[in-house]
1. Within 12 Å, Cβ to Cβ, of ALA262, how many net charges do the neighbouring residues add up to if Lys/Arg are +1 and Asp/Glu are -1?
2. For helix 57-67, what angle does its Cα long axis make with the longest principal axis of the chain, in degrees from 0 to 90 and rounded to 10?
3. Hey, what D do you get for segment 276-361 in µm²/s if you plug the Kirkwood alpha-carbon radius into Stokes-Einstein at 4 °C and 1.567 mPa s?
4. If you plug each phi of segment 174-188 into the Karplus form 6.51 cos²θ - 1.76 cosθ + 1.60 with θ = phi - 60°, what whole-Hz ³J(HN,Hα) values come out, in order, with x for Gly and Pro?
5. Mean shadow of segment 200-348, computed from the convex hull of its alpha carbons, in nm²?
6. What value, in deg cm²/dmol to 500, does the helix sum -39500 (n - 2.57) over DSSP H runs of n ≥ 4 give at 222 nm once divided by the residues of the chain?
7. What would the Debye equation give as log₁₀ I(q)/I(0) for segment 126-196 at q = 0.14, 0.26 Å⁻¹, counting only Cα atoms as equal point scatterers?
8. Taking a quarter of the surface of the Cα convex hull of segment 17-61, what do you get in nm²?
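The values are calculated or read from the model by the stated rules, or taken from the named source; none is laboratory data. This structure is a prediction, so every number in the text was calculated from the model and none was measured. Here the Cβ positions follow ideal geometry from the backbone for every residue, glycine too, while neighbour counts run over all protein chains shown. Surface accessibility is based on the protein's heavy atoms, side chains included, excluding ligands, DNA and RNA. Shrake-Rupley method; radii C 1.70, N 1.55, O 1.52, S 1.80 Å.
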Amino acid sequence: MTDEFDDDLMFTPFEAAPSRLTIDLGALADNWRMLAKASGKARAGAAVKGDGYGLGIEAVVPALYDAGCRDMFVATPDEGMLARQFAPEARIFVLAGVWPGVEAQCFSHDLVPVLVSEEQIACWTNAVAFDEERPCALMVDTGMNRLGLSVEEALALAGDPTRPASFSPVLMLSHLACGSDPSHPLNRKQLESFQTVAAAYEGVESSLANSPGIHLGPDYHFDLTRPGIGIYGGEALDGVRNPSRPVVTAETRILQIRHARAGEPVSYGATHVLTRDSRLAIVSTGYADGYHRALSGSGIPLRENIRQGGFGFVAGRRVPVAGRITMDLTIFDVTDVPEGDIRAGDYIELFGENILLDDAARAAGTIGYELLTSLGNRYQRAYIDG
């Protein structure tokens, strides 16, 4: 026995991988540039939390940094420390803020904590020496009831002559709850609340707009926008054509094509019964890979409300998921694909250019964010600059 491993034996080649992702960093950079232009006079940052929305901070951050992004938002200090390796001159904001024991990470890696409560403000100001200026940011809740000081607390803090000198925010933030629905009245209400707070912190930059907020117009842009899903190819606005280029193509290998007869069941629970003689492609992806069980063609409660399950794409045709998705395997009905056009070993696209990310997400009753951030580590990855 040996404790050493041959790196060449640790990973299946991309061309032979059971499941694989092609991640187009050129498209990702183009999407950021498009959103930066749409941000008008405001600078555009980028949300790279969730391990770069599931695509890998170590790939996403340098691509955005090279494109010109200099303000990045992570969820945790660990993500911030990793991002710092690839963005030496960027401001990196930690959205989870700071607690005792985390301050040293912020100091040593030049991370900017987004303080979300009076407790975090006290933690930060106690850690920062009286005569030292360490940048922080402040989150204000303007109607989402998520993280942040209330508007009243933020205004009181702005006018408090006894607030610590070591509390020196460089950015005020809030977050839109309904930005993807441009007609929702809460958008305007949050905007007006945030304008009041921003005015009270004269000289401090302000940021409200995420990807949807950018499209709501200049009033929402302030000094800095924070695009997220739009960078990664997902939809920002409900019911509006997505201007972003697809970034991720997920594919899975066909392990076997089997012939089955009308009247026979498919997959667990026998919830799908064939109505015709069929050809079924069994592929090497399941819910352990992040291809959600909710995409099953039958046998799940969601199908009572959303009748159609997931689709794949192969040989120029869309093919439906048949029966329940299992841990490591999914079954597609490929009966309508000419028999000579498909064989075991071929790849079926799960989403990408032909099955859009958000169309796949809707079939699962979820959103593109969740599909991207659910992608398992069994996908072999290839990064391209297309």
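1. Local charge sum for ALA262: 0.
2. Helix 57-67 and the main axis of the chain meet at about 60 degrees.
3. Details: Rh = 13.0 Å.
D, rounded to a whole number, is 99 µm²/s.
4. Going residue by residue, I get 9, 9, 7, 7, 10, x, 6, 10, x, 8, 6, x, 5, 4, 5 Hz, with x marking Gly and Pro.
5. Details: hull surface 49.1 nm².
Mean orientational projected area (segment 200-348, Cα hull): 12.3 nm².
6. Working: 11 runs with 96 residues, N = 386.
Calculated from helices alone, the mean residue ellipticity at 222 nm is -7000 deg cm²/dmol.
7. -0.51, -1.18
8. Numbers: hull surface 14.8 nm².
Across all orientations, segment 17-61 yields a mean hull projection of 3.7 nm².
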